[in-house]
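Notes follow the structure.
The values are calculated or read from the model by the stated rules, or taken from the named source; none is laboratory data. Computed from a predicted structure; not experimentally measured. Heads up, the Cβs are rebuilt from the backbone with ideal geometry, glycines too, and the neighbour counts pull from every protein chain shown. Protein only, heavy atoms only, side chains kept; ligands, DNA and RNA dropped before computing areas. Shrake-Rupley method; radii C 1.70, N 1.55, O 1.52, S 1.80 Å.
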Amino acid sequence: MNMSPTMVVGLGDTGVSVIRHLRLKDSEVSVCDSRLGKRTNEVPHLVEVRRDYPDVCVVPPRKFARAVARAKRVVASPGIGLDDTLLKFATIERVPIVGDIDLFMEEVDVPVIGITGTNGKSTTAMLVGAMLQPDGFIVCGNIGIPVLDALDSGAKGFVVELSSFQLERLQIARFDVAAITNIAEDHLDRHKSMLDYISSKRRVYDHCSFAVFNGQDDNTDPGEATDSIAINRSPDWSVLDDGVVLDGKFISSDGIAVKGRHNRFNLVMAAAIASRFGATSEVIREVASSFSGLGHRNQFVARVEGVDYFNDSKATNVAASVASIASMTQESNNLILIAGGDGKDADFKELGETIDRHVSYLVLIGRDAQKIADCTKRVDHSIASSMDEAVWMAHKHAERGDCVLLAPACASFDMFRNFEHRGTAFVNAVAELRS
């Protein structure tokens, strides 16, 4: 069988965007997904690919080893780890493994901003996008549209949010500005060690022209060889208790729509990035006063019987949950927390200490509920079997003036399709309280 130069591994949204991009260039393409065969009904875009790209060869896993030996390169979706069985066959055959970001960087001829970090990268990317929208920039990547689908948008520049999964196999990294918001323990079930995780994140700095980083997190420091701005280390770009300093100019918290110190940090980082591309102070101030945050990220849901409900389903790791809890401690009399899910092999010690300091009652869900409970010493808790039950339990323990916060500190895949699905389930459960 005469195999194609490019083998695409994974038929999710990214895989389909790769196929679309390569076929538009008349490249020969084959595709494989580990679910083909035993779990074919779980492959999301198989019917679409067979219908729209009949000349793309769909390779079952049992034939992958022979097929990949004839390929010139493999383009693997971000969700597929380098230790995946299919990719091991590619490694044995010495076939280069790249990602969609590599294909994007091969084609792009306008400025590209790369933003990553454990927490805050989505908010920062969207803030930068809003600040640079008048200049023709668009946001893509790990948030928004896949990077390859964005190539033909006519954009004057790209703000690309990057996950550690995308960065770990990145070969071509020449970002005009690269930024890391912070690095905390996450995805250790994938990266195996904190050192590997940090190394993946720091690949965003390879050959970048300029860096913006967290001056209070040494793991984000690109080093003296790279021109940079250090947020909170530079007095011109810093977060204060009552506001922020942007390019040496103070803005009061009253003029900032997003809530919480961690979101003010995201605002400062975004302004520092956007200013590199000519965003005016007027536009930056306008965005600061109007951008109230993203869905499922410290999202105010409703006030029910005097109790405020907040959805931070995007808090999918310990550091994000801890920051979310801290941002809420001044918003209410007592804080009731809903947490739990797939902990991704995380250490919940810091979360337990934070819960003991700031949380009045704890409701736990998901696979690692008991692991979290075992890390607390002071706070009473309940374990719920569903989001509806969790919200009802929180409602029973809340009094007027209290706050109920969903900040899971875990991934959602044990109970939900993704964090958005989990957040929507929370919002719907709160709505039921009002009916």
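Things to note:
- As a ratio to 2.2 N^0.38 Å, the alpha-carbon radius of gyration computed for the stretch 1-109 takes the value 0.97.
- Alpha-carbon centroid distance for the pair the stretch 64-132 / the stretch 373-408, whole angstrom: 39 Å
- Each residue of the stretch 303-318 was assigned a 3J(HN,Hα) from its phi angle through the Karplus expression (A = 6.51, B = -1.76, C = 1.60, θ = phi - 60°), giving 10, 10, 6, x, 10, 8, 10, 10, 10, 10, 4, 5, 6, 9, 9, 4 Hz with x at Gly and Pro.
- Between Glu93 and Lys38, the distance separating the two model label sites (each 7 Å from Cα on the Cα→Cβ line) works out to 2.2 nm.
- Base-10 log of normalised Debye intensity for the stretch 223-355 (one unit scatterer per alpha-carbon) at q = 0.19, 0.22 Å⁻¹: -1.14, -1.29
- Accessible carbon and sulfur surface of the stretch 318-379 relative to its total accessible area, %, 1.4 Å: 40 percent
- Cα convex hull volume per residue for the stretch 278-375 (Å³): 138 Å³
- For the cross-link pairs Lys192/Lys349; Lys156/Lys259; Lys344/Lys371; Lys121/Lys344, the ones whose C-alpha atoms lie over 23 Å apart are Lys156/Lys259.
- Taking 0.36 nm per residue of separation and subtracting the Cα-Cα distance, full extension of the segment from Ala431 to Ser281 would add 50.0 nm.
- Evaluating 6.51 cos²θ - 1.76 cosθ + 1.60 at θ = phi - 60° for every residue in the stretch 160-177, the Karplus couplings come out as 10, 7, 10, 8, 4, 5, 5, 6, 5, 10, 5, 9, 10, 10, 9, 6, 5, 9 Hz, glycine and proline recorded as x.
- Largest to smallest in accessible area, the residues Asp368, Asp109, Asp414 fall in the order Asp109, Asp414, Asp368 (1.4 Å probe, all protein chains included).
- Using alpha-carbon coordinates, inclination of helix 349-358 to the longest axis of the chain, degrees: 30 degrees
- Kirkwood hydrodynamic radius of the chain, Cα pairs, Å: 22.9 Å
- Length released on extending from Asp388 to Arg303, taking residue separation times 0.36 nm less the Cα-Cα span: 28.9 nm
- Global size of the stretch 64-172 as Cα Rg and Dmax, reported in angstrom: 15.6, 50
- Fraction of alpha-carbon pairs over 17 Å apart in the stretch 134-179 - percent: 33 percent
- Along its three principal directions, the equivalent ellipsoid of the stretch 122-207 from the Cα gyration tensor extends over semi-axes of 25, 13, 12 Å, largest first.
- When the convex hull of its Cα atoms is viewed from all sides, the stretch 45-116 shows a mean projected area of 6.7 nm².
- Two-decimal Rg to Rh for the stretch 216-274 - Kirkwood Rh, Cα set: 0.98
- Two-decimal Rg/Rh across the stretch 1-42, once Rg and the Kirkwood Rh are taken from alpha-carbon atoms: 1.01
- Efficiency of FRET from Cβ geometry, Arg417 and Arg51, R₀ 35 Å, rounded to 0.05: 0.90
- The string of couplings for the stretch 218-227 from the Karplus curve (6.51, -1.76, 1.60, θ = phi - 60°) is 4, 5, 9, 6, x, x, 5, 6, 10, 4 Hz, one whole number per residue in order, with x for Gly and Pro.
- Radius of gyration (Cα atoms) of the stretch 192-246, expressed as a multiple of 2.2 N^0.38 Å: 1.29.
- Descending principal axes extents, the stretch 343-435, alpha-carbon based, whole Å: 38, 32, 17
- Descending by average beta-carbon neighbour count within 10 Å, the peptides 49-62, 202-215, 17-30 line up as 202-215, 17-30, 49-62, the highest first.
- Two-decimal Rg to Rh for the stretch 108-256 - Kirkwood Rh, Cα set: 0.97
- Within the stretch 254-402, antiparallel bridges make up roughly 40 percent of the DSSP beta bridges whose residues both belong there.
- Kirkwood hydrodynamic radius computed over the stretch 329-371 comes to 11.1 Å, based on all pairs of distinct alpha carbons.
- The modelled label-to-label distance for the pair Asp13/Asp26, using points 7 Å beyond Cα in the direction of Cβ, is 3.2 nm.
- Annotation: the antiparallel percentage among DSSP beta bridges lying fully within the chain is about 25.
- The rule of thumb for compact globular proteins, 2.2 N^0.38 Å, goes into the C-alpha radius of gyration of the stretch 258-324 1.33 times.
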